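K.L.:
Would you mind keeping the following structure in view while I ask a few things?
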Amino acid sequence: MSDDGELDLNALNDEELVQQMHDDLYDGLKDEVVEGVNILLERGWAPYRVLTEALVEGMRIVGIDFRDGILFVPEVLLAANAMKAGMAILRPLLAETGAPKIGKMVIGTVKGDIHDIGKNLVGMMMEGAGFEVIDLGINNPVEKYLEALEEHKPDILGMSALLTTTMPYMKVVIDALKEKGIRDDYIVLVGGAPLNEEFATAIGADAYCRDAAVAVETAREMIRRRHNQRASA
Ligand code: B1M
């Protein structure tokens, strides 16, 4: 504690600091979360480690108490804002690989759904892995996806849904691609907490991505396979 009663984050060791950051995220204390991120980076932590151990883990705890009715929407919104402020610092660092572009992805959260933290994280990690990412934001109707595919001609279409009530909308989008005869022009990857592999298969997606790291691996592998197929055709 400093003289004015404020906790000095710099005085904490790494483990205590990460614990404190989980508490600060839970309490929606944006400035403190930002300070914690900066301190961990100054101490030599890799941006990805800060992201997963300090921020994503903190949000997981928020999610449990939201589910159990201990936290409510306004509090979770504050936590989400604090998380986003921390992510904003990490984003350029994660994207700073200098790697040549290996593909393009259009990504958006589906209609009726305003959750965007996971999608943003996937976008950040994909950029870091050398993909160009066009982010359509939240609450996207099928028309918005179709327009973006037409305009940007990506290799990959990514969709995110966090609600059991909005995840079926992914099928609406895939069915629209099929109707237009363009389904096979894109690799369709889906993700979000309530999804699983069976769901992805049932709606006709190419793969379910459990988290951002899996999204990157899957995208890389599928792009590689596509190139090989085209080369041998
Ligand atoms: Co919402 N919410 N929420 N919420 N919220 C959940 C999803 C919920 C599980 C909470 C709970 O009850 N435990 C629950 C859904 C229950 C269900 O459907 N079965 C829920 C609910 C009910 C609601 C409301 C209906 C609450 C209400 O109004 N009564 C409402 C709905 C609003 C709407 O969308 N229409 C609502 C609102 C909100 C806030 C606005 C307050 C806020 C969102 C703020 C924001 O995103 N800007 C919020 C939050 C923050 C959550 C929780 C707590 C955290 C979500 C999150 O950001 N996780 C969430 C609880 C939970 O998920 N445990 C919850 C961190 C993030 C890093 O993980 O998003 O899973 P995640 O993303 C991961 C993977 O899933 C994957 O990679 C990401 C990174 O590793 N992934 C992809 C995600 N998208 C991908 C796309 C890909 C690939 C991988 O494409 C290729």
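The values are calculated or read from the model by the stated rules, or taken from the named source; none is laboratory data. Please read these numbers as outputs of a predicted model, since none were measured by experiment. Here the Cβ positions follow ideal geometry from the backbone for every residue, glycine too, while neighbour counts run over all protein chains shown. The accessibility values were calculated without ligands, DNA or RNA, using every heavy atom of the protein model including side chains. Shrake-Rupley method; radii C 1.70, N 1.55, O 1.52, S 1.80 Å.
K.L.:
Enumerate the amide H contacts of residue 140 below 5 Å, restricted to partners 5 or more residues apart or on another chain; note that Pro and chain-start residues carry no placed amide H.
P.N.:
109, 110, 111, 112, 113
K.L.:
Ok, one more. May I ask you to give the percent of accessible area on segment 1-129 that is carbon plus sulfur, with a probe radius of 1.4 Å? Write out the running numbers ahead of the final one.
P.N.:
Working: 3700 of 6650 Å².
Carbon plus sulfur share of accessible area: 56 percent.
K.L.:
Compute the distribution of all C-alpha to C-alpha distances in segment 1-99, in bins of 5 Å from 0, and list the percent of pairs in each, rounded to whole numbers.
P.N.:
All Cα pairs, binned at 5 Å, distribute as 3, 14, 25, 23, 17, 12, 6, 2, 1, 0 percent.
K.L.:
Evaluate the distance, in nm, between pseudo-label points positioned 7 Å from the Cα of residue 179 and of residue 41 along their respective Cα→Cβ axes.
P.N.:
4.5
K.L.:
Rounding to the nearest 20 debye, state how big the charge dipole of segment 1-99 is about its Cα centre with +1 on each Lys and Arg Cβ and -1 on each Asp and Glu Cβ.
P.N.:
Here the size comes out at about 700 debye.
K.L.:
Choose one of 161, 199, 182: the residue whose Cα lies farthest towards the positive end of the charge dipole of the chain (beta-carbon charges +1 Lys, Arg; -1 Asp, Glu; about the Cα centre).
P.N.:
182
K.L.:
Would you please give the residues with an amide H less than 5 Å from that of residue 187, counting only those at least 5 places away or on a separate chain, with H modeled from the backbone geometry?
P.N.:
The answer is 156, 157.
K.L.:
In angstroms, what radius of gyration and Dmax does the chain have, counting Cα atoms only?
P.N.:
In Å, with Rg to one decimal and Dmax whole: 19.2, 72.
K.L.:
What full-extension length gain, to one decimal in nm, is calculated for residue 114 and residue 172 as 0.36 nm per residue of separation minus the Cα-Cα distance? Mind dumping the intermediate values first?
P.N.:
On the way: separation 58, 0.36 × 58 = 20.88 nm, distance 1.76 nm.
Once the chain is fully extended between residue 114 and residue 172, it gains 19.1 nm.
K.L.:
Less than 20 Å from a label point 7 Å out along the Cα-to-Cβ axis of residue 16: which backbone N atoms in segment 25-48 qualify, by residue?
P.N.:
So the set is 25-27, 32-45.
K.L.:
Next question. I need the calculated FRET efficiency for the pair residue 213 and residue 57, taking r as the beta carbon distance and R₀ as 22 Å, to the nearest 0.05.
P.N.:
Result of the calculation: an efficiency of 0.95.
K.L.:
Moving on. For segment 134-140, what does the Karplus curve 6.51 cos²θ - 1.76 cosθ + 1.60, with θ = phi - 60°, yield as ³J(HN,Hα) per residue in whole Hz, taken in order and with x for Gly and Pro?
P.N.:
With coefficients 6.51, -1.76 and 1.60, one gets 10, 9, 8, x, 10, 6, 8 Hz.
K.L.:
Per residue, how much accessible surface does segment 100-233 expose to a 1.4 Å probe? Answer in Å², no decimals.
P.N.:
49
K.L.:
Another question, if that's okay. Rounded to the nearest 500, what is the 222 nm mean residue ellipticity of the chain from helices alone, with -39500 (n - 2.57) per DSSP H run of 4+ residues and division by all residues?
P.N.:
Calculated at 222 nm, the ellipticity per residue is -17000 deg cm²/dmol.
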